[in-house]
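Structure first, commentary second.
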Amino acid sequence: MPTLFHSRLQRNLVNYVNSHTEEFEAIQELRCIVRPYSPVPDICVINWDRLNNKDGYLQGAPEWFIETRFPGQSTIDLQNNILHCLSNGTQLAWLYRYNSPTNFGVAWR
């Protein structure tokens, strides 16, 4: 369950990305259908061309996948979601580990 810091971090990053691009939109907690899984990244950044006016889940992997890991949360599960999305179209993935000596990981395709 997100904490106050986690929620604020998500909000601030979404606002920053959305204020600096018109080609992409950053969205919090959007379920992505990437068969056979359906991960829900903390933030996904999606090209506007892939968005439509219908409500629902994102079909396919987001272009940019961002996860924040907090104490007690499984790093393996987050890494598996990131690797699955990278192998299915995600171009960039961030894994931020809060309060960790090595608190940031980046992967790209």
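The values are calculated or read from the model by the stated rules, or taken from the named source; none is laboratory data. Source: prediction; values computed, not measured. Here Cβ is always computed from backbone atoms with ideal geometry, including for glycine, and neighbour counts include all displayed protein chains.
Considering segment 50-59, and only residues there that are part of a loop (DSSP other than H, G, I, E, B) and either hydrophobic (A, V, I, L, M, F, W, C) or surrounded by 10 or more Cβ atoms within 10 Å (Cβ to Cβ) (or both), the residue that is modelled with the lowest pLDDT turns out to be 51. Scanning segment 72-80 turns up one or more residues that are part of a loop (DSSP other than H, G, I, E, B) and either at positive phi or surrounded by 12 or more Cβ atoms within 10 Å (Cβ to Cβ) (or both). Residues that are exposed (fewer than 14 other Cβ atoms within 10 Å of the Cβ) and β-branched (Val, Ile, Thr) within segment 1-37 comprise 3, 21, listed in sequence order.
Looking at residue 47, is it more than 18 Å from residue 6 (Cβ to Cβ), more than 10 Å from the chain's Cα centre (by Cα) and surrounded by 13 or more Cβ atoms within 10 Å (Cβ to Cβ)?
Criteria met by residue 47.
Taking residue 83 as the residue in question, decide whether it is within 14 Å of the chain's Cα centre (by Cα) and without any contact (Cβ under 8 Å) to a residue 40 or more places away in the chain.
So residue 83 fits the description; yes.
Look at segment 45-59: where a residue is more than 17 Å from residue 20 (Cβ to Cβ) and in contact (Cβ under 8 Å) with a residue 60 or more places away in the chain, no partner that is in a loop (DSSP other than H, G, I, E, B) and of a type outside the set (Asp, Glu) sits 6+ places away or on another chain with Cβ atoms under 9 Å.
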